[in-house]
Amino acid sequence: MAGSRRATAPAQLAVVGAGAAGLYTALSAACVGARVALISATPLAGSSSYWAQGGLAAAMSDQDSPELHLADTVKAGRGATRTSAARTLCLEAPRAVEDLQQLGVRFDADRHGRLALGLEGGHSARRIVHAGGAATGRRLIRQLSALVAEHERIEVLENRRAIAVLTTPERAVGVQLLDGEQIFSAATVLATGGAAALWARTTNPLGATGGGLLLAYNAGAALADLELMQFHPTAVAAPNGADGFLVTEAVRGEGATLRDPSGARFVDELLPRDEVARAVQRQMALTGAPSVDLDMREIDPSLFPNVVSALRSAGIDPERELVPVAPAAHYMMGGIATDLDARTTVPGLYAVGECSCTGLHGANRLASNSLTECFVFGARAARAGQDEPAPAAGLELRRQSTKPPPLASATREALWRHAGLERDLAGLSELLSDPYPLAGLIATSALARTESRGAHQRRDFPSVDPSFNGRHVMLGREHPAAPQIWS
Ligand SMILES: Cc1cc2nc3c(=O)[nH]c(=O)nc-3n(C[C@H](O)[C@H](O)[C@H](O)COP(=O)(O)OP(=O)(O)OC[C@H]3O[C@@H](n4cnc5c(N)ncnc54)[C@H](O)[C@@H]3O)c2cc1C
């Protein structure tokens, strides 16, 4: 592979991505002595993490426990959760919150100084740790990136894009950047975020198109559960700049309701996301309207200052008016298949955060488990990456593709049409020949799951097939899509 090798010694970890997962992995590794290269393609506000609103889930109160958190996670996952990964998340989440506090993140507290915990759909207890009302992502990213920028063992390569994982026939040894530079490292960690912006209607920043999944796939790593895209029920539906703006589930936790055109409620607003999203979709189909109404008029606006001010800038006053909302692609449960220490199927290559698939979310992510995942599995990747051997000089690198075709709006429309809240054989088959490679891989996975479960609803297979219980659809360059049980 053509490129210029850096003169400096290889880093212990090369981390690609500066969202919550990448920043925290880099800091965790550097804090125990590792030299880290952190590569980010976009400025900070280009990461989904920056926009995260509700917060991160962790059993922090006396009325809660990791076991209850686990039970809720497994229940929401619809029989497809990898229990070992979910257990790891729930047990280690409180420690992650404490560590973030020690790193200087100030979470919202009540007047006694105890964490003010929010409630979201599918949670049986208040356990959403938040900051600045619904500005959790912004606060986290600002603090973590300030620490990263100051850390003497972290070299930040900003506005630089990784276009390939460097591999030998045995393992990953670093990344190739778009400008030709090659960064060699003992462990290479992809923290490149999700893929929801592949769908025409999305809550994600436009860069969230699963580029890291293609890097891993081209390097020979297996992907999993790509058919499992979570649609958020309450994204603003307005013909202006606010279209797709997410109104956090936490407002429904505080009592906001969903209304049909006659003003009647039509769903329990705190059911897990897949059920609420489908109820909204059904309601829209029934009335032919492009949205339903979210009634936040009784909600104290001081609890969600950034949501209220974003809505006001879009010309909607949530204290007086109903907010038009409709589902939008929000979170990819699938991604690069990993074990519980974030190792992919390629030695030396790790994946953390939304680009990874530990299997913990099953077929339907429980709200606010994803930020927690960034921290719990970021810390694990940082620890495991310390033991990887430094790449030797003069390695024979494997040749691989570095240029996927540009993403056209036709692909985004096609995914929305054929791999949206409901899918079937005919539509998914059309996607197989889409020029953007990830669209075909998503369709291949969705075709392999011949059942309906959680976020994946097939018109032609409308029921749960128990033979898929606990199975994850894995596929790789040399492996056809196959549902597998993970321990
Ligand atoms: C509007 C919104 C609200 C949300 N609210 C919540 C919430 O309240 N609670 C919760 O748990 N989850 C929430 N989520 C989901 C959560 O924010 C994400 O799952 C999580 O932040 C993902 O973090 P990440 O670090 O994996 O990826 P990201 O934060 O997306 O970061 C990815 C990084 O990778 C970089 N990158 C990508 N490709 C390359 C490349 N080739 N080379 C170099 N850099 C690259 C990007 O520039 C970016 O810096 C929300 C998501 C959205 C969009």
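With neighbour counts taken as other beta-carbon atoms within 10 Å, the residues VAL473, VAL74 rank, fewest first, as VAL74, VAL473.
Global dimensions of the chain from alpha-carbon coordinates: Rg and Dmax equal 21.4, 71 Å. Using the empirical formula 2.2 N^0.38 Å as the baseline, the Cα radius of gyration of segment 231-329 reaches a ratio of 0.96.
Counting only whole DSSP H helices of the chain, the ones at least 20 Å long by C-alpha along their axis and with mean Kyte-Doolittle hydropathy no lower than 0.0 are 136-150, 369-385.
When you filter the GluC sites (Glu not before Pro) in segment 142-202 for DSSP loop state and at most 12 other Cβ atoms inside 10 Å of their Cβ, you are left with GLU152, GLU170. Applying D = kT/(6 pi eta Rh) to segment 370-443, where Rh is the Kirkwood radius over alpha-carbon pairs, T corresponds to 10 °C and eta to 1.306 mPa s, the Stokes-Einstein value obtained is 98 µm²/s. Applying 0.36 nm per residue to the separation of CYS31 and GLU98 and subtracting their alpha-carbon distance, the gain on full extension is 22.5 nm. Note on segment 207-272 and segment 18-53: Cα centroid distance 23 Å, given to the nearest whole angstrom. Relative contact order for the chain: 22 percent, from Cα pairs under 8 Å spaced at least 6 residues apart, divided by residue count. For segment 339-461, the relative contact order comes to 21 percent (Cα pairs under 8 Å, sequence separation of at least 6). If R0 is 60 Å, the Cβ-Cβ spacing of ARG153 and SER467 corresponds to a FRET efficiency of close to 0.75.
Ranked by the mean number of other Cβ atoms within 10 Å of their residues, highest first, the peptides 388-396, 213-221 come out as 213-221, 388-396. Here each label is just a point 7 Å from Cα along the line to Cβ, and for THR8 and ALA146 those points are 2.4 nm apart.
From least to most packed, judged by other beta carbons within 10 angstrom and beginning with the fewest, PHE184, PHE377 follow the order PHE184, PHE377. Remark: spin-label model distance ARG477-THR450 equals 3.0 nm, labels positioned 7 Å along the Cα→Cβ axis. Fewest-first ordering of CYS355, CYS90 by other beta carbons within 10 Å of each residue's beta carbon gives CYS90, CYS355. Helix-only mean residue ellipticity at 222 nm, the chain, DSSP H runs n ≥ 4 weighted -39,500 (n - 2.57), per residue, nearest 500. What is it? Rounded to the nearest 500, the figure is -9000 deg cm²/dmol. Spacing of the modelled spin labels on ALA426 and LEU286, each 7 Å from Cα toward Cβ, amounts to 2.6 nm. For segment 106-228, taking Cα atoms only, Rg and Dmax work out to 18.9, 58 Å respectively.
None of the figures in this text is laboratory data; all of them are computed from the coordinates on show. Here the structure is a predicted model, which is why all the values come from computation and not from measurement. FYI the Cβ positions are ideal-geometry reconstructions off the backbone, even for glycines, and counts take in every protein chain you see.
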